[in-house]
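Written out below as structure tokens is the structure these notes cover.
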Amino acid sequence: MANIEKTHAFLLDQEDELAYFWQEFYVQPGTIYLDGNSLGLLSKCAEQSVYDLLNSWKELGIDGWTEGTNPWFTLSEQLGKQVAMLVGAREGEVVVTGSTTVNLHQLISTFYRPNAQKTKIVADELNFPSDIYALKSQLYLNGLDPQDHLIQVKSDNGVTLQEDAIIEAMTDEVALVLLPTVLYRSGQLLNIKKITQVAHERGIVIGWDACHSAGSVPHQFHEDGVDFAFWCNYKYLNGGPGSVASLFVHERHHGIIPGLAGWFSSEKSKQFDMSHDLTPAPDAGAFQIGTPHILSLAPLLGSFAILKEAGMERIRKKSLCLTRFLMDLVEQELSQYGFRIINPMNDEERGGHVALEHPEAIRICKALKADGIVPDYRAPNVVRLAPVALYTSFEDVWQAVQSLKKIMIDKKYQQFEGERGVVA
Ligand SMILES: *Cc1c(COP(=O)(O)O)cnc(C)c1O
């Protein structure tokens, strides 16, 4: 590979159709933010939609539920339609509700139906802990021991999953599979279409945790026939800390009774009849439980609008170029400093971040942060760098790698403690 110079970064920035979105975001002066896969940044548009929502409360009081530009009573459905377009879903297949983990509980409560032959749940050993805790508690609620009924597919290298191993785990005893679309540490993107197809051939229900892909990788959840999916909206979707999450339920399952019902599961026109017999909404809306967190839905009005304008295809294209550029620079500039790239190299298997393994990862992250580069650390030894298409330039990537190189040359990381922060 030819030597990459700083001018390459300038050229790539000049050709970047999405460059102008940078002005839309609050990127703090003097910082390069590479942590949008943990918490996306605030946009001016999202900020405005929060102010607008506060105003509707101020001016309308109770009438805000049914009046104003974005009536609160149908806000979850309205936002569901917007985010549906970003994940290849049909209108009515997505609702913005709850939190990621609550939605997972809702979906497992609904779709996990163990019977005499099929009792097992397949997950993987690399998934985010919350997902595994939820699956185990769901098994306990069914009177089943996770020791026997939760199969966690093993990774043969500790960082990525092997498709064959996943497929092999889907035996006759399996009732449900839950997998991440993109693995949170290594950034591996699984083949959703293929794995979903195999699950269905074997009569297994399959759901996907899209926290690390929604807003970064385009999906075809409807086309791929995925049974259900869920994701948070505060990572690549920039909805703000604790913003309300999303869930997808394929059209063919609409009309079924939610495992965890509440009055917001109701068909809208019947909700205020106050009947004790639930008529569930005829779409994904049925999987809501109670009153939506309106203030935490508000930023999504702005942030989804930006994603829509940018378009998932363009976002993905730039994201892949950014991560490719970053990996090339890591190889060129940092090869003698002991970093190992653990994310998949080929585009079809790579999500939105680059993951670098290094024994000094924690101290390196602290040194980067002191230099105005915001990475994130995942114990015990991973530095994650997410160049987010909407607010990261190729020059930022160049700069970040130069800072990292200097930290390694000067051994600046040695000035920092090797203790992990509470949130890291
Ligand atoms: C971020 C993330 C979550 C977070 O769950 P919350 O309920 O929003 O706290 C869950 N699963 C995965 C894979 C994640 O990346």
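Which ordering of 177, 102 is given by a fewest-first count of other beta-carbon atoms within 10 Å?
If I rank by nearby Cβ atoms, fewest first, I get 102, 177.
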Crossing angle, helix 6-15 versus the chain [Cα axis fit, 0-90 degrees, rounded to tens]: 40 degrees
Using the Karplus curve 6.51 cos²θ - 1.76 cosθ + 1.60 with θ = phi - 60°, work out ³J(HN,Hα) for each residue of region 369-379 in order, rounded to whole Hz, and write x for Gly and Pro. 4, 4, 8, x, 9, 9, x, 9, 10, 10, 4
Using 20 Å bins from zero, what percent of all Cα-Cα pairs in the chain falls into each bin? 26, 55, 19, 1
For region 320-327, 3J(HN,Hα) per residue [Karplus equation, 6.51 cos²θ - 1.76 cosθ + 1.60, θ = phi - 60°, Hz, x = Gly/Pro]: 5, 5, 5, 5, 4, 4, 4, 5
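Could you tell me the convex hull volume per residue, in Å³, taken over the Cα atoms of region 299-424? Before the final figure, lay out each step's value.
Working: hull volume 14.6 nm³, N = 126.
Cα-based convex hull of region 299-424, divided per residue, equals 116 Å³.
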Percent antiparallel among DSSP beta bridges confined to region 49-309, rounded to 5, stands at 40 percent
Environment charge at residue 416 (Cβ cut-off 13 Å; Lys +1, Arg +1, Asp -1, Glu -1): +1
Between residue 18 and residues 5 or more places away or on another chain, which pairs have amide H atoms under 5 Å apart, with H built 1.01 Å from N, and which residues are they? none
Within region 196-281, GluC sites (Glu not before Pro) in DSSP loop having at most 15 other beta-carbon neighbours inside 10 Å: 223, 267
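FYI, it's all coordinate maths here, none of it is from the lab. All values reported here derive from a predicted model rather than from experimental measurement. Cβ sites come from the backbone with ideal geometry, for glycine too, and all protein chains shown count toward neighbours.
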